[in-house]
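*Asks:* My structure is below; once you've seen it, I'll send some questions.
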Amino acid sequence: MPYHPEIFQPYEHLIGISICGESRLVPEKNSILRCLQFLDMERISDADLCWNGECVNCQVWIKNGEKEKAVMACRTNVAEGMVITRISDSLK
Ligand code: FES
């Protein structure tokens with residue numbers, strides 16, 4: 001898989017998040033969408049996404065206390081321990 005450091009925000013560490021029940025390490029200071037791309041460059045690069053908050057195809061649901069909260073992955077940065085419970089079909 002080719003690595004494209006120029007598309008990511010500068011980071012020093014990988015942080016742990018959970019995606020649909022799987023623990024993954026992703027670059028801090030980056031959007032959830034960039035982190036999904038970090039994990040699967042080809043699939044996310046080829047997905048039908050605007051990358052700027054207009055299409056809503058990047059919707060994911062994150063755990064928020066006992067509830068879930070829908071956010072746009074291109075507009076939301078990851079945080080250590082973030083739990084993503086569901087991702088939109090466009091990201092699968
Ligand atoms: S990629 Fe289009 S709204 Fe996030």
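The values are calculated or read from the model by the stated rules, or taken from the named source; none is laboratory data. Bear in mind the structure is a predicted one, so any value in this text is a computation, not a measurement. Heads up, the Cβs are rebuilt from the backbone with ideal geometry, glycines too, and the neighbour counts pull from every protein chain shown.
*Asks:* Filtering region 41-68 down to residues that are near the ligand (Cβ under 10 Å from one of its atoms) and charged (D, E, K, R), which residue is farthest from Asp89 (Cα to Cα)?
*Replies:* The extreme case among them is Glu54.
*Asks:* Another one. Looking at (1) in contact with an Asp or Glu (Cβ under 9 Å, 6 or more places away or on another chain); (2) under 19 Å from Gln9 (Cα atoms), which is the one condition that is false for Asp40?
*Replies:* So Asp40 meets the others, but not (1).
*Asks:* If you go through region 16-24 one residue at a time, do you hit one that is touching an Asp or Glu at 6+ places or on another chain (Cβ under 6 Å) and among the hydroxyl-bearing types (Ser, Thr, Tyr)? Explain how you work it out, then say what you get.
*Replies:* Filtering region 16-24 down to residues touching an Asp or Glu at 6+ places or on another chain (Cβ under 6 Å) leaves none.
No, that holds for no residue.
*Asks:* Quick check on region 7-24. Is at least one of its residues within 16 Å of the ligand (Cβ to nearest atom), aromatic (Phe, Trp, Tyr) and either out of contact with any helix residue (DSSP H, G or I) (no Cβ under 8 Å at 6 or more places or on another chain) or without any contact (Cβ under 8 Å) to a residue 24 or more places away in the chain (or both)?
*Replies:* No, there is no match, as no residue in region 7-24 is within 16 Å of the ligand (Cβ to nearest atom), aromatic (Phe, Trp, Tyr) and either out of contact with any helix residue (DSSP H, G or I) (no Cβ under 8 Å at 6 or more places or on another chain) or without any contact (Cβ under 8 Å) to a residue 24 or more places away in the chain (or both).
*Asks:* Turning to a different aspect of this structure: Given the chain, what strands (runs of 3 or more DSSP E) lie entirely inside it while holding 3 or more residues that are surrounded by fewer than 17 Cβ atoms within 10 Å (Cβ to Cβ) and modelled with pLDDT of 95 or more?
*Replies:* On the way: elements: 14-19, 22-27, 59-64, 67-72, 83-87.
In the chain, 14-19, 22-27, 67-72, 83-87 are the strands (runs of 3 or more DSSP E) which contain 3 or more residues that are surrounded by fewer than 17 Cβ atoms within 10 Å (Cβ to Cβ) and modelled with pLDDT of 95 or more.
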